[in-house]
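Report on the structure given below.
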Amino acid sequence: MYATKVSEKVYLLDTYALGVPGTVGAYVLKGSKPALVDCGYATSYETVLEGLAEVGVMPSEVRYIIPTHVHLDHAGAAGRLLKEMPGAEVVAHERGVPHLVDPTKLVESSTKVFGESIMALYGRPEPIAAERVTGVGAEAHLDLGDGLTITMIHTPGHAPHQISVLIDGARLLLTADAVGIVYPDLKALIPTTPPPSFHPSQLVATIAVLRQTSPGMLLLPHFAARRDVDWVFDRTTELVESWVEQVSRMKKRHIGLDQAAASMQETVAAEAGVEDLPIHAKVSVRTSVMGIMHYLEKNA
Ligand SMILES: [Zn+2]
C-alpha cells in the first residue's frame, strides 16, 4: 500500500524514493477535478500511478499536477506522469516554470550537488510542454470541485519559487519544504536548506507567514502528517538559525563540507538518540550543510 488517508478527500502517497518508505511523499486532493501535489523523483512515477489507483483516481481523471517547487524529489516525475494524464495541466510558481519546461540547468545543478551516481537513481525529469504549465504568483486559488478549494501561497527560503498549499476551510497545510524534515523513524528535525538558493531570513519569514494561516495539521513531504504544528514551526526556525551559525563557525575555521556534514550528522544522531543515521537522513543533512555553505559563500 502506498496511499494513506489523511482526511476527507486528502491522501498521502508514499513514493518509496529509491525503494525506501517514509522519505518522499506526494498528496492527492480528491475533488471532482483531482490534483496531485508533488510527485516524487522521475524514477518513482510508477509508484505514484499505483498510489493513485489505490485511492480510486484514474490517470485520465487527474486535472492538476502541482509541484510545490522544481526540486527532483517534488517535480521529477511530472513530465513522465503527464504522458499518462492527457487531461492534466501543471500549476507551479512562475519562477519555477522555466525549469519545468527546460530542465537542463536544473539537472546540471542537481548533478553538482548529488553526483552522477545518485542522479541516476533519482532519474532525469522530462521536459514539459509550455502550453501545459500555468505559472502562479504570490497567491492563487484553485477549485478542485466537490467543495474542495485550495490556496497556493508563495513560500520562498528553501527555494525562491516554492509554494505551499492550504486546503481552504480544513486547516490543513501542505507545507512543502518550508519546514524541516521529520522522518517517521527518527526523532529529530533536519532543516532543509539545500543549494543553490537557500535563503535563511526568507525561510524564517515564510514560517511566520504560514503560522498566520493557523493550520491544525501540517502535511510534510518528508514526511507525513504532523499535529504538533507549533513544535515543527518553532524547531524549524530555531534550527535554521542555529545551523547557519554553526556552519558559519566551522567555515571560518576552514572546516570543509565533509567534516562539517559529519559533525552535523553526529548532532542529529545525538538528538535522535541513535548511534548512526540512516543513509537518507545523512544525505539530507549533507545537502543542508552544503546549502548553508553555498549561501555563506554567496554572501561573504
Ligand atoms: Zn524535498
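Quick one: how many residues across the stretch 186-216 are touching a residue at least 60 places away in the same chain (Cβ under 8 Å) and under 22 Å from Cys39 (Cα atoms)?
Qualifying residue count for the region: 8.
The listed residues are Leu82, Leu106, Leu49, and the only one of them that is in contact (Cβ under 8 Å) with a residue 12 or more places away in the chain, within 16 Å of the ligand (Cβ to nearest atom) and either closer than 21 Å to Glu131 by Cα or of a type outside the set (S, T, N, Q) (or both) turns out to be Leu106.
Could you please find all residues in the stretch 1-23 being farther than 17 Å from Leu144 by Cβ, of a type in the set (Gly, Ala, Ser) and outside any loop (DSSP other than H, G, I, E, B)? Before you say what the answer is, go through the steps one by one.
Our first condition is that a residue be farther than 17 Å from Leu144 by Cβ; within the stretch 1-23, this holds for 1-4, 14-23.
Those still in the list that are of a type in the set (Gly, Ala, Ser) too: 3, 17, 19, 22.
Scanning the stretch 1-23 gives Ala3, Ala17, Gly19.
Out of curiosity, is Leu218 within 16 Å of the ligand (Cβ to nearest atom), at pLDDT 95 or above, under 15 Å from His158 (Cβ atoms) and in a strand (DSSP E or B)? If you could, list the steps in order and put the result at the bottom.
On the way: within 16 Å of the ligand (Cβ to nearest atom): yes; at pLDDT 95 or above: yes; under 15 Å from His158 (Cβ atoms): yes; in a strand (DSSP E or B): yes.
Yes.
With respect to Asp168, is the statement that it is farther than 18 Å from Glu139 by Cα, among the acidic types (Asp, Glu) and more than 12 Å from the ligand (Cβ to nearest atom) true? Taking the combined requirement at face value, the residue does not satisfy it.
The residue that is farthest from the ligand (Cβ to nearest atom), counting only those in the stretch 8-46 that are surrounded by 23 or more Cβ atoms within 10 Å (Cβ to Cβ) and among the acidic types (Asp, Glu), is Asp14.
In the stretch 221-250, the qualifying residues are those that are of a type in the set (A, V, I, L, M) and over 17 Å from Tyr183 (Cβ atoms), and the one that is nearest to the ligand (Cβ to nearest atom) is Val240. Taking the stretch 36-71 only, how many residues are within 20 Å of Gly145 (Cα to Cα) and assigned to a loop (DSSP other than H, G, I, E, B)? Qualifying residue count, the stretch 36-71: 8.
The values are calculated or read from the model by the stated rules, or taken from the named source; none is laboratory data. Quick caveat: nothing in here was measured; it's all calculated off a predicted structure. When we count neighbours, we look across all protein chains shown, and the Cβ atoms used for this are built from the backbone with ideal geometry, even at glycine.
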